[in-house]
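Please read the structure below before turning to the comments.
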Amino acid sequence: MVTKDSGAEGAGAVGSDSSRPWQTLSAGFEQARAREDSLDRLVEWPAQRALLGDVTGLAVLDAGCGNGAKIAQLAGEGAAASVGVDISANFVAPPPGVELIQGDLSDLASVAGLAGRPFDRILFLQSFGYAADPVQALRTARDLLTDDGFILLTRTQPIRYAVERSEQNGTSLGEEYFATESFVYRHRNWDEQVTLTKRPYTMSDLLNTFSAAGLWIETTVEPQMSAEAAERYPHKQAVMNAYLGILMFVLRPLSGQPGR
Ligand SMILES: C[S@@+](CC[C@H](N)C(=O)[O-])C[C@H]1O[C@@H](n2cnc3c(N)ncnc32)[C@H](O)[C@@H]1O
């Protein structure tokens, strides 16, 4: 089932990476992701899938689900309820039992049909940076979790952007890592015509966001390519060597937080 939530427009407020360009960017992103040498296929999705574990009988919500292929796979692997939300609405035809909703991950409780609905797993896979208010978005997601539920959140290593920008600007790593001004970013492999506005963040920014949202980190993973994949796709190992890849966090609610 594909539905459009009326609150979908207008994301990308101050303090977040702007999400508006995704209406245009999503097709290029999905094409790049589908390539057999994409880092999503080689590194990220296998590691995300491993962290999720057995999803049989679980209710799963994928916030910023892209075309919905990952949540559709989880439904095929036994998830009892499978919901994907994305602002771009560039969805695959959903298999039976999968709901794909156009909506804003900044406030999941206001997406049609989600208020008060419990989820065992909530995913923010390379989508969290687009939340209008990151702490508020995580608090809202936390309140939708079942008692033993968790959030799986992945974000690009902040060092990657610092390395790229220090190369571009002829500056030092530290200058770029600790910069606070938003910067314009074009993703060569997705669509060079589309610019994303990104806000720099440091590791402490990220960790403090989790604490402020009333979450604790159960597991952190920095997934790398297997030796076999590295041998097969040395150009992708070179990217990992230069820019490190992404961070993955399993986040659980701190007990005693308001609303828990
Ligand atoms: C880098 S892609 C990641 C897609 C998918 N989670 C994956 O792992 O392949 C970021 C996704 O976030 C979506 N997005 C951006 N801003 C959003 C917002 N405010 N609300 C919901 N989705 C958003 C984009 O449309 C895009 O599909």
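Take the residues of region 63-84 that are near the ligand (Cβ under 6 Å from one of its atoms) and closer than 17 Å to G113 by Cα: which is surrounded by the fewest Cβ atoms within 10 Å (Cβ to Cβ)? So, considering only residues that are near the ligand (Cβ under 6 Å from one of its atoms) and closer than 17 Å to G113 by Cα, the one surrounded by the fewest Cβ atoms within 10 Å (Cβ to Cβ) is G64. Of the strands (runs of 3 or more DSSP E) contained entirely in region 185-257, those carrying at least 1 residues that are at pLDDT 95 or above and surrounded by fewer than 16 Cβ atoms within 10 Å (Cβ to Cβ) fall at 215-221. Taken over region 155-184, residues that are over 19 Å from A131 (Cβ atoms) and not in a helix (DSSP H, G or I) amount to 7. Considering the conditions (1) at pLDDT below 95; (2) under 16 Å from the mean Cα position of the chain (by Cα), N67 is excluded by exactly one of them, (1). The single condition among (1) charged (D, E, K, R); (2) near the ligand (Cβ under 8 Å from one of its atoms); (3) part of a strand (DSSP E or B) that R121 does not meet is (2). Somewhere in region 97-109, is a residue at positive phi, modelled with pLDDT under 95, out of contact with any Ser or Thr (no Cβ under 6 Å at 6 or more places or on another chain) and within 16 Å of the ligand (Cβ to nearest atom)? The answer is no, given that none of the residues of region 97-109 is at positive phi, modelled with pLDDT under 95, out of contact with any Ser or Thr (no Cβ under 6 Å at 6 or more places or on another chain) and within 16 Å of the ligand (Cβ to nearest atom).
Among the residues of region 130-148, those identified as assigned to a strand (DSSP E or B) and touching a residue at least 60 places away in the same chain (Cβ under 8 Å) are L145, T146. A search for C-beta distances below 6 Å between a residue of region 172-191 that is closer than 16 Å to R33 by Cα and any residue that is of a type in the set (A, V, I, L, M) and at pLDDT 85 or above, counting only pairs 6+ apart in sequence or on different chains, returns N189/A32; W190/A32.
Yes/no per residue for (1) under 30 Å from V55 (Cα atoms); (2) among the polar types (S, T, N, Q):
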{"residue": "F150", "(1), (2)": "yes, no"}
{"residue": "Y177", "(1), (2)": "no, no"}
{"residue": "Y185", "(1), (2)": "no, no"}
{"residue": "R188", "(1), (2)": "no, no"}
{"residue": "R199", "(1), (2)": "no, no"}
{"residue": "T202", "(1), (2)": "no, yes"}
{"residue": "P223", "(1), (2)": "yes, no"}
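The values are calculated or read from the model by the stated rules, or taken from the named source; none is laboratory data. The model shown is predicted, which means the values in this text are computed figures rather than measured ones. Positions of Cβ are backbone-derived with ideal geometry, glycine not excepted, and every protein chain shown enters the neighbour counts.
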